[in-house]
Amino acid sequence: MRKNVTRVTACVLTGIITIGTGTMAVQAAPTAGVTSYTSNIMTSSALPTAGVSLALSQCMKQSEESAVLATAQPAVEENEAPVVASEYADIAVAQVDNYVNVRSGASEDSDVVGKLYDNSAATVEGEENGWYKISSGNVEGYVKTEFVVVGDEALAKSVGKRVATVNTETLKVRTEASTDSQVLGLVPDQEELSVIDESNDGWVAVSIEEGTGYVSSDYVNLSTEYTYAESKEEEEARLAKEEAERQAAAEAAAAAQAAQEAAAKKNSTKSSTSTATSSSSSAATESSSASSSQSYSAPSGSNGQAVANYAGQFVGNPYVYGGTSLTNGADCSGFVMAVYAQFGISLPHSSSAMRSCGYEVSVSDMQPGDIVCYSGHVAIYVGNNTIVHAATSSTGIKYTSPANYNPIITVRRIF
């Protein structure tokens, strides 16, 4: 509209200038008075009148066409920044004691199609009579608005976990965001690390057992992980899988214990070694005994407490990156894997992969033998808020308390 007004004003000015051109020629000649002057203007102005009328008509027509075009296009104010909706504007986060049912319709009479657990995330598709229509994972349905918080960016960020997944064979974690800094630790391919900071261009701060360090962004894939709703079918499949794994673990442990008892019985039939007769040979025997390796008790039992008791024997032994030996050296996942192998349980040599072994229990329900998973690390819970783990190359296998000395990602139970 403002441009149209400007255009009309320009047309009027054009007309005035055109008329003025004719009058200025008259004014250039001397006149005898006001009457003569006025007469001359009127007479001379008659000459360009038709041209002025045509010019004004064309100008006004163009102004009308411009006005039509202006109304057909959205008005854009200069220097006005476009409003961009937050990426969290439609994110709903469940705030409940345990879970809220997801129903097929916006009514409590509708069928339950899944569960949205506390701090789980969903995308809001619409709202209807006090219900949100949501999609979360493989679940689509309705939840009551009072059980979720929508559009809270701080809350959405707090329940989402920023993850750096290693995409190279062995990744060096450094003390500073520079290749000139010291190596803090090593992390294997496909390991998932918790992201601490992303403010350094080309570098990502991550958490590992040795502390917070930096990795090149070229060697990790960054993503944000949320916990999503679980459908009824998914829940049933998960519970069946967990029960099957419990039974398999119990059977494997029982078989391993039977084999160990048979081996112990066989060894007990062997005669003891004869004592040396000479003092020199006795001294040699004592020296040899002092230098011999430490003996370890065989696993006894087929439950988590037996696992914890067995694992504790190896405290003080070395940490070796990539190792799986309880005596000569193991890394964190290699230690847990080797301990459980003695009970007939096969586990992956990866702390990230162990997050899906067995079944999950809450931190408050931890029992001896449970596998405690951290960012880039894993340990065995032994009770009394204590873990045993292959920590670092400088500390070896050791006990650590409290168990939540670093943020716990998940706790898994095998038995």
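We did not get these values from a lab; they are worked out from the coordinates using the rules stated. Quantities reported herein were computed from a predicted structural model and do not represent experimental measurements. Using ideal geometry, Cβ is built from the backbone for each residue, glycine included, and neighbour counts are taken over all protein chains shown.
Using a simple charge model, +1 on the beta-carbon of Lys and Arg, -1 on the beta-carbon of Asp and Glu, nothing else, what dipole does the stretch 308-415 show about its Cα centre, in debye to the nearest 20?
60 debye
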Which of the listed residues, Gly105, Ala85, Val163, is farthest toward the dipole's positive end in the stretch 82-165, when Lys, Arg count +1 and Asp, Glu count -1 at the beta-carbon?
-> Val163
What's the exposure ranking of Val143, Val195, Val411, going from fewest to most Cβ atoms within 10 Å?
-> Val195, Val411, Val143
Counting other beta carbons within 10 Å of each Cβ, put Phe335, Phe343 in order, fewest first.
-> Phe343, Phe335
Calculated FRET efficiency for the pair Thr400/Asp111, C-beta based, R₀ 51 Å, to 0.05 = 0.60
In the stretch 207-231, which residues have a backbone nitrogen under 19 Å from the label point lying 7 Å from Ile196's Cα in the Cα-to-Cβ direction?
-> 207-223
Compute the FRET efficiency between Glu128 and Thr410 as 1/(1 + (r/R0)^6), taking r as their Cβ-Cβ distance and R0 = 45 Å, and round to the nearest 0.05.
-> 0.80
Return the distance in nm (one decimal) between the two label points of a simple spin-label model at Ser325 and Glu236, each offset 7 Å from Cα along Cα→Cβ.
-> 5.0 nm
Cα-based Rg/(2.2 N^0.38 Å) for the stretch 314-415, rounded to two decimals, is 0.95
Size of electric dipole in the stretch 160-225: Cβ of Lys, Arg +1 and of Asp, Glu -1, about Cα centre, debye, nearest 20 = 80 debye
Any idea how far apart Lys144 and Val183 come out in nm if each label point goes 7 Å out from Cα toward Cβ?
-> 5.7 nm
Fewest-first sequence of Val388, Val363, Val336, Val113 by Cβ atoms within 10 Å of each Cβ = Val363, Val113, Val388, Val336
Rg/Rh of the stretch 91-157 (Cα atoms, Kirkwood Rh), to two decimals, equals 0.92
Counting only the backbone N, which residues of the stretch 102-123 are under 15 Å from the spot 7 Å out from the Cα of Ser135 toward its beta-carbon?
-> 122-123
Taking θ as phi - 60°, what are the ³J(HN,Hα) couplings along the stretch 220-226 by the Karplus curve (6.51, -1.76, 1.60), each to the nearest whole Hz, with x for Gly and Pro?
-> 9, 9, 8, 7, 10, 9, 10
Taking the simple approach of a point 7 Å from Cα along Cα-to-Cβ for both Ala154 and Lys265, what is their distance in nm?
-> 6.6 nm
Above-threshold pairs, the threshold being 24 Å between Cα atoms, out of Lys241/Lys398; Lys161/Lys398; Lys144/Lys232 | Lys241/Lys398; Lys161/Lys398
